[in-house]
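No value in this document is a laboratory result; all are computed from the given coordinates. Everything numeric in this text was worked out from a predicted model, so none of it was measured. Note that each Cβ is placed from the backbone with ideal geometry, even for glycine, and that neighbours are counted across all protein chains shown.
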Amino acid sequence: MGGPSVPEIQGFVTESLGRRGRAPEHLLQHLIGVQHRFGWVPPAAVESLAAQLDVTRTQVRAAIAFYAFLHDRPRGDFDILFSDNITDRMLGNQRLLALLAEQLGMGPDETRADGRVTLGLTSCTGMCDQGPALLINGRAVTALTPQRVDRIADLVGQGVALDHWPGEYFRVEDNLRRRGLLLSNPVTDGAGLRKLVDLGVEPALADLDRSGLRGRGGAGFTTALKWKFCREAPEGDRYVVCNADEGEPGTFKDRVLLTSYADLVLEGMTICAAVVGARRGFIYLRGEYAYLLPHLESVLARRRAEGLLGESILGKAGFDFEVAVHLGAGAYICGEETALIESLEGRRGVTRKRAPYPVIAGYKDRPTVVNNVETFLAAARIVQWGGYWFRGEGTDQSAGSKILSVSGDCARPGIYEYPFGTPVHRVLTDCGAERTQALQISGASGTTLTPADFDRIIAFEDLSTAGSFMIFDQSRDMFDMVQNFAAFFAHESCGFCTPCRVGGSLLHNLVEKVAAGQASEHDLGELRQIGAVMRRATYCGLGSSAPNHILNTLDKFPDIYRRRLRSAEYTPSFDLDGALAQARAIAGRDDARAHIPDTPPQPPEAAV
Amino acid sequence: MSHSFTLDGRELPFVPGQTIMAAAQAAGVYIPHLCHNPDYAPHGSCRVCLVGVGRRQVSACTTPVTEGMEVDNNSEAVQDNRRAVLQMLFAEGNHICPVCERSGNCQLQAVAYYTGMLAPHYPPFFPRRPVDASHPDFIIDFGRCILCELCVRASRDHDGKRVFAISGRGLASHLVIDSESGLLGDSCFAVTDRAAHVCPTGAILPKHKGFERPIGERLYDREPISTVGDLRAHEDEVD
């Protein structure tokens, strides 16, 4: 077979080490490079990396097993992953996957025998407003239709290299539908940074304080306070990290911000660096957005040339700041800031103990500010235009605006920016949502709302959101959402703590039991009990919010469960007939008398 | 100046910086735990040592005590959580106590007894995890691993070897061994390693002996773990 030779692999690793660096924290970036080059991470690359970085081969293997986009066996020349968020499903991704599989003469989750192509599913790729979407060798293809799938089957069949595919397949739209405080003016000439250099750090920090800006990633911690903590930490290195691991299903605003507002985001990071005294920063870019890498690198290069990044920024001696883009590789958990830092250091993205918080001991155990893309963007404008300008919009506890990622059943999905305090129904009207049955706000880990909630407002004090806004009209079965999210959380648990690792899979299995029409009232009680344990007992916030969709829908949409129940009381999880399969195979029998009849248990009255 | 906090209504002293677990242990109060071992940095992964503080539940092994803190280590709500977490651990692995050499000398079993866990409750996953018997002195039964990472930490932080690591994610997380073949026999693991003696369950077992002391007469068969403490204090008897 024509696989890569060992010297070829070793040569690539050596070249990668020379280019990306030889510190253990570069491991993940090397692995992504190897995966991209060879379509998998061959054992020779594992040995070579373990020998030349200060890591064990076990750490290398563990990282490969952890990240969904790294593989320890060959994938097809065309590695195709269909995005499988509920919004993709609502747009028919399953049908298109089946169609493509049929045309390619293979199953929907395998590598074809000739090694040409692999098909599979992946978690939300952040293209919900232009789905169904897929990733092919890491590149996003959007707006799939049966015609486009036909053409893709041909291109794959003919082995046409991706660079020669029609460019429009890879086009990603911004779909900016409503521009508010932050988005109405994309122009930046470094005004905020100049003001900071002219007036000093204190006025900038005062403006940030005055603005009332709170983190846009969901938790809502006061940004000025975070920066102050980091600034006041003991002497030594500190870091600025932009969390662009936008993994929450239904969220895609950061993709748009990094596409069309990258300068402002970087300006916010640079201002933060000046405030806290950092000389190095990272953009942690989710693997699904790897296609943005060349664009971001070019923006970084231009900013260096313009004196807005690098050494002596804007001519100010000692104001040095450099930013590197670090790619993720398919792990939702890395959006959690401590897991993100573990991943930045090249390891599996497993959450860390807090306290100490990253702002005291983050990257390399040094004080680190981790903020969302949108937070840095807002900070840049606040320093430029003042805290009162920002404070002028929003509510008492939620200053400024919120950028929403709107998808699902509506006429105009895309990006909408509103002042905090805007009621939900206003957004639904603007995006052209009709006959809305439910709204999932803040992603799979968020809250399920019914029309009774649509007068509530978007604000930290009412509906706190990281921006995901998925709409379901009355034609939808909300159980499809539950099934999708339950599988998502079981797949994305990092596995560190017991209740999330085991509880997430127990929930997933129970939801599948309901879906199969095998569940009873008892199982619904189990869903609630396990969900409650997870809420209380998990190690990090992702685990504790993982059962939200189940607990919400059990209360608000009980019928989607009830109508699937097999019996009112109790159905054993043990499949007696299934357990006899092996015995039947040994005995060479498959007649009716070798089966236990599948009759539902009689209701208690009838048993008397 | 002396500092104090309250544990189940009892006022106890603490030293600033001490965790709830450490302060309780110093005062002779037992908080059930599995991934915690005072020889290594707190881990906080098993979630068995959850205690109530205010309206939240926190892991005692990682949470520092603060002045006047009121800690609930005994309410039904706290015990319910612990039982559920233990039941999850039993469902996740293959923990068949009657046929396990560690029965009676197993912290997982002992803590389950202590919290009043009477049945595994959740449907078992029955994972297929082959036993590694390649090492001359030890076998590893991965089906009994609860991912507490004590062997990982002991090998790395005490033995300076990094023989073990956790790989994969979610329910597929599993213990792996650092050798080219992935087998323990090809690694530098040795009977003198601390990592050979820290497993709280029957996942890492010495070879060449078995059932020397009958089940029923073993450490936790005689007294509850809340009185005699962890295996750490009884290695002579257990190994």
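Helical runs (DSSP H, four residues minimum) scored at -39500 (n - 2.57) apiece and divided by the length of chain A put the mean residue ellipticity at 222 nm at -12500 deg cm²/dmol.
The mean number of partner chain beta-carbon atoms within 10 angstrom of a residue's beta-carbon across peptide B:83-96 is 4. For chain B, the 222 nm mean residue ellipticity estimated from helices alone, with every DSSP H stretch of n ≥ 4 adding -39500 (n - 2.57) and the total spread over all residues, rounds to -5000 deg cm²/dmol. Loop-located GluC sites (Glu not before Pro) across the range B:1-95 with a Cβ neighbour count of 15 or fewer within 10 Å are B:GLU67, with loop assigned by DSSP. Normalised by the number of residues in the range A:59-123, the average gap of Cα pairs under 8 Å and 6 or more apart makes the relative contact order 40 percent. Scanning chain B for cysteines with no neighbouring cysteine C-beta under 4.7 angstrom from their C-beta gives B:CYS49, B:CYS61, B:CYS97, B:CYS100, B:CYS106, B:CYS145, B:CYS151, B:CYS188, B:CYS199. In units of the rule-of-thumb radius 2.2 N^0.38 Å, the range B:3-74 shows an alpha carbon radius of gyration of 0.97.
Among the trypsin sites (Lys or Arg not before Pro) within the range B:1-89, those in coil by DSSP and having at most 12 neighbouring Cβ atoms inside 10 Å are B:ARG55.
Here the contact order of chain A, divided by its residue count and restricted to Cα pairs under 8 Å and six or more residues apart, works out to 12 percent.
Against the longest alpha carbon principal axis of chain A, how many degrees, from 0 to 90 and to the nearest 10, is the axis of helix A:146-158 turned? Long axis of A:146-158 versus the principal axis of chain A: about 90 degrees. Helix A:262-276 and the longest principal axis of the C-alpha atoms of chain A enclose an angle of approximately 70°. For trypsin sites (Lys or Arg not before Pro), the sites in the range B:102-172 that DSSP calls loop and that have at most 12 other Cβ atoms within 10 Å are B:ARG128. With Cα atoms as the point set, the radius of gyration and Dmax of chain A evaluate to 25.5, 91 Å. Close amide-amide hydrogen proximity is noted between B:PHE14 and B:HIS3, B:SER4, B:PHE5, each under 5 Å apart and 5 or more residues distant or on a separate chain (H modeled in the peptide plane; Pro and chain starts excluded). What Cys residues in chain A have no fellow cysteine's beta-carbon under 4.7 angstrom? Isolated Cys, chain A: A:CYS124, A:CYS128, A:CYS230, A:CYS242, A:CYS272, A:CYS334, A:CYS494, A:CYS497, A:CYS500, A:CYS540.
Across the range B:168-176, computed HN-Hα scalar couplings (Karplus, 6.51 cos²θ - 1.76 cosθ + 1.60, θ = phi - 60°) run x, 8, x, 5, 7, 4, 7, 6, 10 Hz from first to last residue, x flagging Gly and Pro. Taking the 0 to 90 degree range and rounding to the nearest ten, how far is the long axis of helix A:223-232 tilted relative to the main principal axis of chain A, both from C-alpha atoms? Roughly 60 degrees, rounded to the nearest 10.
Database remark: amide H of A:GLY408 closer than 5 angstrom to the amide H of A:ILE471 (H placed geometrically; neighbours at sequence offset of 5 or more, or on other chains; Pro and chain starts carry no H). Let me check I've understood the local charge: for A:LEU97, count other residues with C-beta under 11 angstrom from its C-beta, Lys and Arg +1, Asp and Glu -1. What total comes out? With Lys, Arg at +1 and Asp, Glu at -1, the neighbours total -2.
Taking amide H positions as modeled 1.01 Å from N, with prolines and chain starts lacking one, the residues under 5 Å from A:LYS402 and 5 or more places away or on another chain are A:TYR418, A:PHE420. For the range A:462-547, the Stokes-Einstein estimate of translational diffusion at 20 °C and a viscosity of 1.002 mPa s comes to 156 µm²/s, using the Kirkwood hydrodynamic radius over alpha-carbon pairs.
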